[in-house]
């Protein structure tokens, strides 16, 4: 039986899948329980029409999430009615891309219950996804957090939602305010194309987590 995409109330009591959100970290979780790592995509591009940019970013981000054992959560994407479940979204994308073994990894991510689809958050993000981390080249000084600290928290068991804004305007100011941690993956304030930034964050955080977990 397919699960409908959740139309969630402001308090975000439930996720769109009934299964528990899996732990991140893959093989290294055998020695210790890592926090969940979730890659979040916030739609600040077009709230009304589902555009090519929406499809393309999911097609590129989903294989990354599957390969590095992260979850992928999308917020406020205006999916057409016929794409009423995460399974259908994954199946549709798999038929439109050559990325990730022609969409195979996107389907696998959905089959594992790790492709999570939410409405636009009204008052905050789902608490079950963990601490909100804003990815930005302009972190607030008092909230700026290096990759190593993000990894340390994950190894200590803290779940983290690393959020990316789509479109030229990026994340709105009210979302910036919600994130108690800000991450500039370059550490130098350098601007990166969105998908390049996503790959840099997932790769660098995953590498740091594996390093710290191996040391422990």
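Read the figures in this text as sums done on the coordinates, not as results from a lab. All figures in this text were calculated on a predicted structure; none of them were measured in a lab. In this analysis, Cβ positions are derived from the backbone assuming ideal geometry, glycine residues included, and neighbour counts consider all displayed protein chains.
Quick notes on this one:
- The distance linking region 134-204 with region 83-121 is 24 Å (Cα centroid to Cα centroid, whole angstrom).
- With all pairs of separate Cα atoms included, region 176-216 yields a Kirkwood hydrodynamic radius of 11.7 Å.
- Mean projected area in nm² (Cα convex hull; one quarter of hull surface) for region 97-203: 7.9
- Cβ crowding within 10 Å averaged over residues, with 128-138, 171-181 ranked highest first: 128-138, 171-181
- 10 Å-binned pair-distance histogram of region 26-215 (Cα, whole percent): 9, 38, 38, 14, 1
- Here residue 123 and residue 82 are evaluated by their C-beta separation; at R0 = 30 Å the FRET efficiency comes out at 0.50.
- Förster-model FRET efficiency, 45 Å R0, residue 152 and residue 47, C-beta, rounded to 0.05: 0.80
- Simple spin-label estimate for residue 96 and residue 143 in nanometres, 7 Å along Cα-Cβ: 3.2
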